[in-house]
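Q: I have a structure here, written as structure tokens, and I will follow up with some questions on it.
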Amino acid sequence: EGSVQKKGDGLRITAQLIDTRTNLHIWAGGFDGSDASALQEEAGLKIAVALGDENGQIRQHEYKRTQGKPRAEFDAYDWYLSGHEVFEGYESLEALDRAGAIWREGLEKFPDSALLRISLAWAHFWRPRDFDTPKPAADYRRAAELVREAMALPNLTPFERWHGTSL
């Protein structure tokens, strides 16, 4: 939702994002300025960053949504989010491996998930890149295998295609 109001000699843009399934408030912001075009551009950019960034409010809301959900009810995207939350802040090999284990468990339930397969590939890629692992070549080989398998699946989303070709 949003609105534009005249405020003295300028304008005020207000915007908010609400999850329509739960009616939970996710984000709100206000922007002031006198040049309508510049204000629109500034507000659009700030909203896009606040919401769409990897650590933005939409992603944070998605993480919260999966935290209380029983794993038996997870779909493939929930498995991705659960692992990605750990992956996003990993500082140790153990944390990276924990994210990989979540994606591996999700793949057992959703073996045709390109997203889970590609995410697990990234975990294998980062293991030897960021940490001293005993068999770096094996990790890189496994990452390549997982990406090849994922990219061969039908009906990839644009995100999966981008995520897979970025590795």
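The values are calculated or read from the model by the stated rules, or taken from the named source; none is laboratory data. In this text, all values refer to a predicted model and were calculated from it rather than measured experimentally. Glycine gets a Cβ as well: all are built from the backbone with ideal geometry, and neighbour counts include every protein chain shown. Areas reflect the complete protein model, heavy atoms only, side chains present, ligands, DNA and RNA absent. Shrake-Rupley method; radii C 1.70, N 1.55, O 1.52, S 1.80 Å.
Q: Mind counting the residues in region 1-55 that are in contact with a Lys or Arg (Cβ under 9 Å, 6 or more places away or on another chain), in a strand (DSSP E or B) and not hydrophobic (A, V, I, L, M, F, W, C)?
A: 9
Q: Could you tell me which residue of region 81-120 is surrounded by the fewest Cβ atoms within 10 Å (Cβ to Cβ), considering only residues that are among the charged types (D, E, K, R) and assigned to a loop (DSSP other than H, G, I, E, B)? Full working, then the answer.
A: Start the filter on region 81-120 by keeping residues that are among the charged types (D, E, K, R), which leaves 85, 88, 91, 94, 97-98, 104-105, 108-109, 112, 117.
After this cut, where a residue has to be assigned to a loop (DSSP other than H, G, I, E, B) as well, the list is 91, 112.
Numbers: E91: 8, D112: 13.
Among those that are among the charged types (D, E, K, R) and assigned to a loop (DSSP other than H, G, I, E, B), it is E91.
Q: Which numbered condition in (1) open to solvent by 60 Å² or more (accessible area, probe 1.4 Å); (2) assigned to a helix (DSSP H, G or I) is the only one that P134 fails?
A: (2)
Q: Looking at region 137-157 only, could you name the residues that are outside any helix (DSSP H, G or I) and in contact with a helix residue (DSSP H, G or I) (Cβ under 7 Å, 6 or more places away or on another chain)?
A: Listed by number, the residues that qualify are L153, L156.
Q: Name the pairs: first residue in region 45-74 and without any contact (Cβ under 8 Å) to a residue 40 or more places away in the chain and surrounded by 14 or more Cβ atoms within 10 Å (Cβ to Cβ), second residue among the aromatic types (F, W, Y) and part of a loop (DSSP other than H, G, I, E, B), Cβ to Cβ under 8 Å, at least 6 apart or on different chains?
A: Close Cβ pairs satisfying both conditions: T66/F74.
Q: Please count how many residues of region 1-44 are more than 22 Å from Q57 (Cα to Cα), of a type in the set (D, E) and surrounded by 11 or more Cβ atoms within 10 Å (Cβ to Cβ).
A: Qualifying residue count for the region: 1.
Q: Which condition does P111 not pass, out of (1) modelled with pLDDT of 95 or more; (2) under 19 Å from the mean Cα position of the chain (by Cα), if it passes all the others?
A: (2)
Q: Is it the case, given these coordinates, that R148 is modelled with pLDDT of 95 or more, open to solvent by less than 60 Å² (accessible area, probe 1.4 Å) and of a type in the set (D, E, K, R)?
A: It is false that R148 is modelled with pLDDT of 95 or more, open to solvent by less than 60 Å² (accessible area, probe 1.4 Å) and of a type in the set (D, E, K, R).
Q: Exactly one of these conditions fails for A76: (1) over 22 Å from F159 (Cα atoms); (2) among the aliphatic types (A, V, I, L, M); (3) modelled with pLDDT of 90 or more. Give me its number.
A: (1)
Q: Follow-up. Checking H61 against (1) over 25 Å from the mean Cα position of the chain (by Cα); (2) outside any strand (DSSP E or B): exactly one of these is not met. Which one?
A: (1)
Q: On the basis of being modelled with pLDDT of 95 or more and closer than 30 Å to A152 by Cα, does D53 make the cut?
A: no
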